[in-house]
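Before any comments, here is the structure.
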């Protein structure tokens with residue numbers, strides 16, 4: 001029996017013309033096997049609207065019983081390969097796969113996602129088409145009710161769709177659907193995680209994880225720490241931070257880092273920053289552009305506060321400092 | 001027939017004493033002409049409460065039909081000149097004029113706005129007077145309901161009143177009513193736009209646009225980028241950024257900039273920063289306080305990472321770098 | 001009659017098993033005296049559930065009449081000493097004491113608070129247990145309703161429980177219950193105040209006040225300004241800022257400061273920063289680690305923009321600059 005790349009049964013909000021605005025997939029499957037694969041293959045490939053009965057008849061545990069027992073039309077997506085996104089429901093399925101931790105950031109083909117996600121007003125009454133928002137605001141007020149608008153965006157917030165286990169998110173508006181938050185991760189109020197980006201967990205995130213960026217186990221981002229993205233302003237290097245790194249408050253990085261690296265608070269390392277390497281004895285070794293250090297481990301970046309020189313210490317002392325800093329988490 | 005400066009028909013929330021808390025003006029007019037002017041002049045100047053019938057009788061297309069056909073008392077504001085704000089409804093009208101893009105920031109007389117905007121609790125049940133919030137929270141809980149408080153502020157969020165076309169706003173709580181967002185502007189989660197401030201569009205805003213600040217076409221603010229305001233901590237210079245500038249992540253400016261300027265990530269230029277000008281050959285030219293560069297174009301600001309010296313390069317190379325950076329948006 | 005440390009009558013949300021999820025205490029008492037003390041002592045020590053009648057029978061003005069006249073089970077907490085937290089209701093009472101300004105940050109024993117605060121989904125329908133959120137999201141959608149999730153956290157936002165007088169809070173999601181906001185304080189959109197932290201008032205807060213940190217009268221934090229906390233990344237020094245300080249935008253401090261100190265925009269002072277002290281004549285005096293300056297007053301910290309050297313000016317000129325800066329608030 002041939003493979004199915006992804007499959008899910010969902011419940012969509014639609015506009016008056018029947019266009020899908022968004023879709024909740026409570027139980028998505030990546031590369032389903034066994035009876036789920038067999039059941040998935042009983043549907044046609046692509047996006048379709050079916051009855052709950054049709055899903056029940058397919059057999060297997062394809063969706064929560066509340067969905068199967070409803071009287072709503074259901075949205076079924078079956079993707080036979082990780083091809084370019086072809087519908088709004090497909091875009092939502094891929095974002096769910098990431099937030100359900102079924103696949104890591106940068107592993108899915110997200111081509112076409114911007115084209116297939118409508119820009120919507122996300123309100124206390126659910127998603128509303130942007131053109132209809134003005135009337136909706138007026139009608140609510142005329143009815144003595146209040147309509148609250150949370151955002152105008154193509155991407156909704158993650159936790160209105162997916163609640164990964166073992167995480168804390170102090171301000172849910174800052175985590176887009178499609179973020180990957182590993183177990184044990186806390187995202188504080190100043191933290192941010194874009195779609196197709198993530199904290200593998202456990203992590204303390206008080207800074208910004210841009211699209212495409214991932215941070216490894218035990219790595220922490222201080223308040224307002226910045227990871228340069230590839231969408232706006234950043235270069236073409238995809239930033240990844242390894243394990244047990246610490247990017248200080250108001251600091252930032254434009255290069256990927258390996259394990260056990262630290263950037264001191266307030267220091268921004270861009271790919272073009274000229275960095276003086278300092279050896280174990282504190283002696284200046286050589287100068288390099290930071291991009292040459294991309295991916296390295298056991299590096300401590302500071303700016304000499306007497307000379308303004310950006311230094312990189314790569315030695316046991318740096319590691320010990322890093323361990324000491326983490327001990328206070 | 002004499003001029004009318006601004007006119008609008010709105011729907012207000014009031015307290016038990018009839019004081020206006022806020023007001024929605026779905027269709028405001030700046031310097032109305034023709035039949036709208038004639039109809040506007042049938043009302044008295046200032047703020048008044050009228051019946052929908054009275055607005056219908058005035059003729060012209062003064063408000064959406066849903067408002068005209070309601071049975072609610074309507075708030076009519078007619079301003080014959082751009083004088084000091086004299087009522088809460090007038091304050092709301094001026095804020096609407098800005099967010100409806102009928103006028104640019106720094107063009108309206110906003111004197112008196114703080115005095116006429118009541119500090120309110122903005123809740124899931126609409127605006128509530130601050131003194132009444134404690135009881136409202138208790139009553140909701142006793143009724144088994146939940147009352148969510150979004151902010152305690154004089155200014156509400158823009159998109160609960162005005163939805164300008166062609167924009168995305170990832171976190172609506174960060175755009176105050178009275179912000180001007182031009183077509184094609186995206187404000188990401190870390191972006192912020194105060195009242196009487198704006199992005200003329202198209203712009204990518206991931207930083208903060210303080211009161212009075214405007215940024216021009218194609219100018220981007222990186223994550224947490226700061227534009228110094230005049231209300232708190234900043235000087236008396238009103239900051240304006242021209243076209244195609246890029247303020248890097250965690251960077252900031254305390255001086256206005258012309259077109260095609262870049263400040264590298266992490267660098268804050270204040271008016272008093274001493275800057276070394278570097279010529280096309282990379283030779284240091286002279287040193288000036290940044291305030292002397294205010295409004296200049298084609299400037300690239302960086303901090304030499306080996307000497308700590310803040311440099312300003314003003315040459316083709318800077319422009320080309322800038323264009324390359326923008327190419328990734 | 002022996003002392004009671006704290007007492008309050010509240011209304012809790014509970015799960016199906018009767019476990020307390022959160023608790024609203026509209027009128028908490030710290031060290032009650034007179035008839036309130038007598039009435040408080042008629043309840044047993046610790047946390048208990050009682051009828052409104054039992055609270056009425058205890059005499060004294062123990063709670064708002066809406067609570068006393070309800071038919072809901074009420075939660076009474078009587079703490080005879082400031083011991084380790086022993087229940088969820090006790091944790092909520094201590095957070096209320098702080099936000100009601102009955103006691104300052106760092107004066108309460110908060111041991112056990114993390115263990116006794118359940119991690120909850122804070123939604124438009126009130127708090128929901130994290131494990132139940134997935135089903136709740138699906139059920140709401142099946143019912144044609146919208147469930148909005150604001151955060152997944154142990155701590156709720158302050159203003160859903162306590163509304164201190166004389167404050168403005170531009171984004172309520174950034175002030176945790178347990179924050180202390182003094183009269184006259186404005187927290188702008190980028191501001192943040194953790195539990196057991198505070199602004200004594202009046203203050204303009206556009207930066208982050210970490211757990212344990214307090215700032216004194218007239219002290220302002222610029223946009224994204226950072227105060228290093230002790231929970232994550234910071235050292236063991238508890239940061240306190242005195243009166244009339246100004247931490248510039250995108251700046252930060254890892255040391256406590258006395259009165260009338262300024263850190264220029266974009267400069268982060270950590271405990272280990274080597275600082276050159278400059279005397280009244282602008283002459284370099286000596287170099288010290290910033291931690292040696294902890295708690296000092298009348299200090300102006302800047303980075304020389306030509307040499308990268310971090311300077312501390314401690315003289316009248318600094319004070320005058322500071323006063324000039326504050327004049328624009």
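The values are calculated or read from the model by the stated rules, or taken from the named source; none is laboratory data. Values in this document were obtained by computation on a predicted structure and should not be read as measured data. FYI the Cβ positions are ideal-geometry reconstructions off the backbone, even for glycines, and counts take in every protein chain you see.
Residue under question is residue B:20, and the condition is that it be in contact (Cβ under 8 Å) with a residue 60 or more places away in the chain and either more than 13 Å from every other protein chain (Cβ to nearest Cβ) or surrounded by fewer than 17 Cβ atoms within 10 Å (Cβ to Cβ) (or both); does it hold?
Answer is yes for this residue.
Of the residues A:262, A:253, which is crowded, with 19+ Cβ neighbours inside 10 Å, in the same structural domain as residue A:309 (by TED's automatic domain parsing) and in contact with a helix residue (DSSP H, G or I) (Cβ under 7 Å, 6 or more places away or on another chain)?
Answer to the check: A:262.
To keep it simple, each residue is scored yes or no on (1) within 18 Å of the chain's Cα centre (by Cα); (2) modelled with pLDDT of 95 or more.
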| residue | (1), (2) |
| --- | --- |
| B:226 | yes, yes |
| B:237 | yes, no |
| B:249 | no, yes |
| B:260 | no, yes |
| B:263 | no, yes |
| B:268 | no, yes |
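Looking at B:144, B:112 in this structure, which one is out of contact with any helix residue (DSSP H, G or I) (no Cβ under 7 Å at 6 or more places or on another chain), under 30 Å from residue C:24 (Cβ atoms) and modelled with pLDDT of 95 or more?
B:144
Give the number of residues within the range B:164-178 that are under 13 Å from the mean Cα position of the chain (by Cα) and either in the same structural domain as residue B:96 (by TED's automatic domain parsing) or not in a strand (DSSP E or B) (or both).
6
Residues to consider are C:61, C:71, C:111; find the one that is exposed (fewer than 15 other Cβ atoms within 10 Å of the Cβ) and either within 14 Å of chain B (Cβ to nearest Cβ) or part of a helix (DSSP H, G or I) (or both).
Only one candidate passes the filter, namely C:71.
Any residue that is without any contact (Cβ under 8 Å) to a residue 24 or more places away in the chain, facing chain C (nearest Cβ under 10 Å), surrounded by fewer than 19 Cβ atoms within 10 Å (Cβ to Cβ) and in contact with a strand residue (DSSP E or B) (Cβ under 6 Å, 6 or more places away or on another chain) - is there at least one of those in the range B:164-173?
no
Return the only residue of A:97, A:102 being over 27 Å from residue B:185 (Cα atoms), in contact with a strand residue (DSSP E or B) (Cβ under 6 Å, 6 or more places away or on another chain), surrounded by fewer than 24 Cβ atoms within 10 Å (Cβ to Cβ) and more than 14 Å from chain C (Cβ to nearest Cβ).
After ruling out the rest, the residue left standing is A:102.
List the strands (runs of 3 or more DSSP E) inside the range B:241-306, counting only whole elements, that have at least 2 residues being farther than 26 Å from residue C:226 by Cα.
Here the list reads B:274-278, B:284-289.
What is the residue count in the range A:17-46 for residues that are assigned to a loop (DSSP other than H, G, I, E, B) and in contact with a helix residue (DSSP H, G or I) (Cβ under 9 Å, 6 or more places away or on another chain)?
Number of matching residues: 9.
All but one of (1) within 10 Å of another protein chain (Cβ to nearest Cβ); (2) under 21 Å from residue C:187 (Cβ atoms); (3) in a loop (DSSP other than H, G, I, E, B) hold for residue B:195, so report the exception by its number.
(1)
Quick grid of which residues meet (1) assigned to a loop (DSSP other than H, G, I, E, B); (2) more than 7 Å from every other protein chain (Cβ to nearest Cβ); (3) touching a residue at least 40 places away in the same chain (Cβ under 8 Å):
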residue: C:133; (1), (2), (3): no, no, no
residue: C:139; (1), (2), (3): no, no, no
residue: C:151; (1), (2), (3): no, no, no
residue: C:155; (1), (2), (3): yes, yes, yes
residue: C:224; (1), (2), (3): yes, no, no
residue: C:229; (1), (2), (3): yes, yes, no
residue: C:237; (1), (2), (3): yes, yes, yes
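Keeping to the range A:201-221, report how many residues are within 21 Å of residue C:154 (Cα to Cα), crowded, with 24+ Cβ neighbours inside 10 Å and either more than 14 Å from chain C (Cβ to nearest Cβ) or within 13 Å of the chain's Cα centre (by Cα) (or both).
Qualifying residue count, the range A:201-221: 1.
List the number of the failed condition for residue B:107; all other conditions in (1) free of Cβ contacts under 8 Å to residues at least 24 places away in the same chain; (2) under 24 Å from residue C:165 (Cβ atoms); (3) assigned by TED's automatic domain parsing to the domain that holds residue B:13 hold.
(2)
Out of (1) within 12 Å of chain C (Cβ to nearest Cβ); (2) under 25 Å from residue A:153 (Cβ atoms); (3) surrounded by fewer than 16 Cβ atoms within 10 Å (Cβ to Cβ), what's the single condition that is false for residue A:128?
(3)
If only one of C:275, C:288 is at pLDDT 95 or above and crowded, with 20+ Cβ neighbours inside 10 Å, which one is it?
C:275
Within the range A:257-266, identify whether any single residue is touching a strand residue (DSSP E or B) at 6+ places or on another chain (Cβ under 7 Å) and under 23 Å from residue A:178 (Cβ atoms), and answer yes or no.
The answer is no; no qualifying residue exists.
Is it fair to say residue A:159 is within 13 Å of chain C (Cβ to nearest Cβ), modelled with pLDDT of 95 or more and on the phi < 0 side of the Ramachandran plot?
Against the criterion (within 13 Å of chain C (Cβ to nearest Cβ), modelled with pLDDT of 95 or more and on the phi < 0 side of the Ramachandran plot), residue A:159 qualifies.
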